[in-house]
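To start, the structure itself, in structure tokens.
The values are calculated or read from the model by the stated rules, or taken from the named source; none is laboratory data. These numbers were taken from a predicted model, which means no experiment stands behind them. Positions of Cβ are backbone-derived with ideal geometry, glycine not excepted, and every protein chain shown enters the neighbour counts. Remember, those area values only see protein heavy atoms, side chains included, never the ligands or the DNA or RNA. Shrake-Rupley method; radii C 1.70, N 1.55, O 1.52, S 1.80 Å.
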Amino acid sequence: MTRIIAFMFLLLPAMEAMTQTGTIRGRVYDDNTNEGLPFVNLVIDGTNIGSTTDLDGNFSFTGVEPGFLRLRVSAVGYETRLSSEIMVNANRTANIDIGLVEKQIELEAVEVTVSQFERSDESPVSLRRLGIQEIERSPGANRDISRVIQGLPGVASTPAFRNDVIVRGGGPAENSFFMDGVEIPNINHFATQGASGGPVGILNTDFIREVEMYSSAFPASRGNAMSSVFEFRQINGNSDRLNVQATLGASDLAFTADGPITENTTFIASARRSYLQYLFRVVGLPFLPTYNGFQFKTSTRLSDNSTLNIVGVGAIDLFDLNLDLDDTPEQRYILDFLQVNEQWNYTLGAVYRRFRTNGRETWVLSRNMLRNSAYKYPDNNESFPRLLDYASDEIENKLRYERQFSLGEYRFNVGAGTEYARYRNDTFQRVFQNNQPAVIEYETSLDFFKWSLFGQATRRLFDDRLTLSMGIRSDANSYSSQMSNLLDQLSPRLSASYKLRDDFFLNFNTGRYFQLPAYTTLGFRGVDGTLVNRENRLTYISSDHIVGGIEWLPDRRSILTLEGFYKLYNNYPFSVNDSVALGSLSADFGIVGDEVVTSTAEGRAYGAEVYYRNQDLFNWNVILSYTWVRSDFTDYEGNFVPSAWDNRHLVNLTGLRRLPRNWEIGFKWRYTGGAPFTPYDKELSSRREAWDVMRMGYLDYSRFNRERLSAFHQLDVRIDKQFFLNNFSLMLYLDVQNVYNFKTRQRPNLTRAENEPPFVDDDGVERYELKELENEIGSVLPSVGIIIML
């Protein structure tokens, strides 16, 4: 592939004289009523190129130079705003609809300077946005949105090729994800059941226009999260003609199509298939992952005051073993313990919006399902008694209603939700517990209802200098009496922002948030068939947040914020077997939470964060953040010990720059402090009966997280080149991860000494001779990509 791209780089410059331009079309409407607004002024930000809407609010720009841009939109009686980022391509029409918020008409003419960084009255702190340029061109991400968001402030990255979302010291199971208002439980292929991690993202970056991350100050309409809420906003399909795009990336091949279905309906759809299994076989890796992804969206304008969006995303994943490979001790070690895993999931959702004379109402109906199965045999020989045979389903059917309206100077958003959840689990697993071999075998089928109420009120005071927003939410379910009363899960929140100057703000938020434990924990059954954790009075986990900070806007293209944060956890599930809080355990492939727990652990995460962004720093688009964070959970004695997410220092620096002749360059440098880890219990691990069922070392939880890894840092570089020709566009990129070849040591792998038979110790216990294998991660990883747009 490298030779092909090199040939293209040499051949195509001769054709650049045929460079084409693009078109932007859209509609400007009243955000409260959906009524099209006439005679609205639109200007391509940073230029003098303008347009005006017609009587129905429609507008168009033609002859637009390809690239990333925003529109500055202004109208009498409405707040001036900048649109979200738009990507313009040659011979294509970019579509965008822009809502304007009504304001009191000013009696005196004033010059309005609009910042590139839109503020939220409901969430004045801990809200970050990524536009389409940062998503499409993110160095080191290989167009994987799950890796893109790891570059956001306060998000820790790991060197272990995983996309765990670890925000401000919280675990990867503490996040919620929404796509155009539809909740998505899984955003990664090969997802860790009971958490959110995985090696490859499901969502196609071609669909994403903007990402919002709330690391606190969650809107009342969003529940079941304690560390972050992500909103992925998708583009609409082209309304003029059918477009087709083919993408050959570092690990998969994707096809995307978008266009009109009817006069009022557009679509965008894609399918992806990986070829990692072929690359891994060639380079000699002992595992062979195969993933397939699907995504679509239809947008319909039913009438002048109603719209319907239907969205869907799904994945089919197979994690197989390369049994033809056993050349090295490291390969044999991985093959000895790694499971064969098959997984598929999907989310389907419909979002109906109806605009009224005062506000709008939104109905969201969705269904999601995860099926996860895994098995393991000794020496991967199916003629031996099985070690693990696992199959599980998680199914959710959800309905949410929201009503937004105004009463005088107050803005309200109120609503309710209901959900019917089903969980099935069929487990057979050989374990070593209580100093003897045992079998965990149970089958569970669980179904119950959930319900919620929420409301939020917002008002600006003192000539818009002070903004207050108060919200309340409550969740309950029919799983048990401990969780069935809405009053037991009251979740209040308060945000305040005071404008000292037009460019300087004091911001504050406090709130209490609740999250339901994982289905794997809710559905765990004992040998007698009882729901053990329900008998243990399992309940919602709570997290109290306090965040305060300052925000300075030096100019319209830059922002600097400083925030301090504190999170206090209560009722966290505590592992009875390992005597540690589940929230303090590191994530890995497989299943989290299928064990006996009690709702008795406490935790805390606290720190400070500096965030600087400048979209024109010596012609660079720069994002810089530093987060100091501590994360602790209580042990069996009630003492606070570091969690697996206690990285302490997080630095993210990203720079993007556009060059002449459609070249773009970018870099990303990440620094993550060393995470704590638990050493092995070598005495237990060496016992033959224990090793034979686990096939890897047991951790010594009496020394839980007593040791710490070294810090991890990495520089990624990306170069993009675009060719806009008569009938198609061609985009090429080179992405190099870990440019300076940094290597980080992870916890060593404990394995059996080869060619050493078992022996009997002085106490008559049969044991294996064990040895440690160095576990060093890090290498230069170049990749290339080709994108063809027709």
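Restricting to the range 376-419, what's the tally of residues that are in a loop (DSSP other than H, G, I, E, B) and hydroxyl-bearing (Ser, Thr, Tyr)? Let's see the steps before the verdict.
Kept after step one, since they are in a loop (DSSP other than H, G, I, E, B), are these residues of the range 376-419: 377, 381-387, 408-409.
Filter once more, keeping what is hydroxyl-bearing (Ser, Thr, Tyr): 377, 383.
Residues meeting the conditions: 2.
Here are some residues: LEU302, LEU348. Which one is in a strand (DSSP E or B), surrounded by fewer than 16 Cβ atoms within 10 Å (Cβ to Cβ), free of Cβ contacts under 8 Å to residues at least 40 places away in the same chain and of a type in the set (A, V, I, L, M)?
Values: LEU348 fails: surrounded by fewer than 16 Cβ atoms within 10 Å (Cβ to Cβ).
LEU302 is the lone residue from the list that is in a strand (DSSP E or B), surrounded by fewer than 16 Cβ atoms within 10 Å (Cβ to Cβ), free of Cβ contacts under 8 Å to residues at least 40 places away in the same chain and of a type in the set (A, V, I, L, M).
Of the residues making up the range 102-111, not a single one is of a type in the set (Gly, Ala, Ser) and at pLDDT 90 or above. Just so you know, in the range 236-263 the residues that are β-branched (Val, Ile, Thr) and farther than 19 Å from VAL88 by Cβ include one that is most open to solvent (accessible area, probe 1.4 Å), and it is ILE261. Residues of the range 718-757 that are open to solvent by 40 Å² or more (accessible area, probe 1.4 Å) and hydrophobic (A, V, I, L, M, F, W, C): ILE719, PHE728, LEU734, VAL739, PHE742. The residues in the range 645-670 that are buried (at least 22 other Cβ atoms within 10 Å of the Cβ) and not in a strand (DSSP E or B) can be counted, and the count is 3. For ARG72, are the conditions met, namely being out of contact with any helix residue (DSSP H, G or I) (no Cβ under 6 Å at 6 or more places or on another chain), more than 30 Å from LEU790 (Cβ to Cβ) and outside any loop (DSSP other than H, G, I, E, B)? Here the answer is yes, as ARG72 does meet what is asked. Could you list all residues from the range 273-299 that are open to solvent by 30 Å² or more (accessible area, probe 1.4 Å) and of a type in the set (Lys, Arg)? If the condition is that a residue be open to solvent by 30 Å² or more (accessible area, probe 1.4 Å) and of a type in the set (Lys, Arg), then ARG273, ARG281 are the ones that fit. Considered as a group, the residues in the range 277-329 that are hydrophobic (A, V, I, L, M, F, W, C), within 27 Å of the chain's Cα centre (by Cα) and more than 23 Å from ILE184 (Cβ to Cβ) include one that is modelled with the lowest pLDDT, and that residue is LEU279. The single residue among TYR420, TYR401 that is under 27 Å from TYR29 (Cβ atoms), aromatic (Phe, Trp, Tyr), surrounded by fewer than 17 Cβ atoms within 10 Å (Cβ to Cβ) and modelled with pLDDT of 95 or more turns out to be TYR401.
Number of residues in the range 113-136 that are open to solvent by 10 Å² or more (accessible area, probe 1.4 Å), part of a loop (DSSP other than H, G, I, E, B) and either over 20 Å from LEU553 (Cβ atoms) or of a type outside the set (A, V, I, L, M) (or both): the value is 10. Restricting attention to the range 503-549, the residues that are within 30 Å of ARG465 (Cα to Cα) and without any contact (Cβ under 8 Å) to a residue 40 or more places away in the chain total 4.
Restricting the range 268-283 to residues that are touching a Ser or Thr at 6+ places or on another chain (Cβ under 6 Å) and outside any strand (DSSP E or B), which is farthest from LYS297 (Cα to Cα)? This residue is GLN277.
Go through the residues of the range 430-451 one by one and say whether even a single one is open to solvent by less than 40 Å² (accessible area, probe 1.4 Å), within 24 Å of PRO492 (Cβ to Cβ) and hydroxyl-bearing (Ser, Thr, Tyr). No, every residue in the range 430-451 fails to be open to solvent by less than 40 Å² (accessible area, probe 1.4 Å), within 24 Å of PRO492 (Cβ to Cβ) and hydroxyl-bearing (Ser, Thr, Tyr). If we scan the range 404-418, do we find a residue that is free of Cβ contacts under 8 Å to residues at least 24 places away in the same chain and not polar (S, T, N, Q)? There is at least one residue in the range 404-418 that is free of Cβ contacts under 8 Å to residues at least 24 places away in the same chain and not polar (S, T, N, Q).
Criterion applied to SER227, SER216, SER221, SER196 was being under 26 Å from SER84 (Cβ atoms) and modelled with pLDDT under 90, and the one residue passing it is SER196. Which one of ARG534, ARG493, ARG473, ARG512 is over 23 Å from TYR390 (Cα atoms) and open to solvent by 40 Å² or more (accessible area, probe 1.4 Å)? Going through ARG534, ARG493, ARG473, ARG512 in turn, the sole match is ARG512. Taken over the range 477-514, the criterion of being among the basic types (Lys, Arg) and either at pLDDT below 95 or not in a strand (DSSP E or B) (or both) is satisfied by ARG501 alone.
Give the residues of the range 731-780 that are closer than 30 Å to ASP720 by Cβ and part of a strand (DSSP E or B), sorted by residue number.
Just the residues of the range 731-780 that are closer than 30 Å to ASP720 by Cβ, to begin with: 731-744, 777-780.
Across the range 731-780, the qualifying residues are MET731, LEU732, TYR733, LEU734, ASP735, VAL736, GLN737, THR744, ILE777.
Of all residues in the range 776-790, exactly one satisfies the criterion of being open to solvent by 40 Å² or more (accessible area, probe 1.4 Å) and touching a Lys or Arg at 6+ places or on another chain (Cβ under 7 Å), namely GLU776.
Name the residue, out of ASN619, ASN647, that is at pLDDT below 95 and within 20 Å of ILE132 (Cα to Cα).
On the way: ASN647 fails: within 20 Å of ILE132 (Cα to Cα).
Just a single option satisfies the conditions, and that option is ASN619.
For the subset of the range 151-173 comprising residues that are within 29 Å of SER497 (Cα to Cα) and either aliphatic (A, V, I, L, M) or open to solvent by 10 Å² or more (accessible area, probe 1.4 Å) (or both), which member is modelled with the lowest pLDDT? Steps first, answer last, please.
First, pick out the residues of the range 151-173 that are within 29 Å of SER497 (Cα to Cα): 151-156, 165-171.
Those still in the list that are either aliphatic (A, V, I, L, M) or open to solvent by 10 Å² or more (accessible area, probe 1.4 Å) (or both) too: 151-152, 155-156, 165-167.
Details: GLY151: 85, LEU152: 89, VAL155: 91, ALA156: 88, VAL165: 88, ILE166: 90, VAL167: 93.
Here the answer is GLY151.
What about TYR569, is it closer than 30 Å to TRP451 by Cβ, open to solvent by less than 10 Å² (accessible area, probe 1.4 Å) and within 22 Å of the chain's Cα centre (by Cα)? Yes, satisfied. Filtered by the rule that a residue be more than 15 Å from GLY312 (Cα to Cα) and either assigned to a strand (DSSP E or B) or of a type in the set (Ser, Thr, Tyr) (or both), the range 152-188 gives VAL155, ALA156, SER157, THR158, ILE166, VAL167, ASN175, SER176. Restricting attention to the range 524-576, which residues are in a loop (DSSP other than H, G, I, E, B) and among the small types (Gly, Ala, Ser)? GLY526, GLY529 - these are the residues of the range 524-576 that are in a loop (DSSP other than H, G, I, E, B) and among the small types (Gly, Ala, Ser). Please tell me if SER478 is open to solvent by 40 Å² or more (accessible area, probe 1.4 Å) and touching a strand residue (DSSP E or B) at 6+ places or on another chain (Cβ under 6 Å). Taking the combined requirement at face value, the residue satisfies it.
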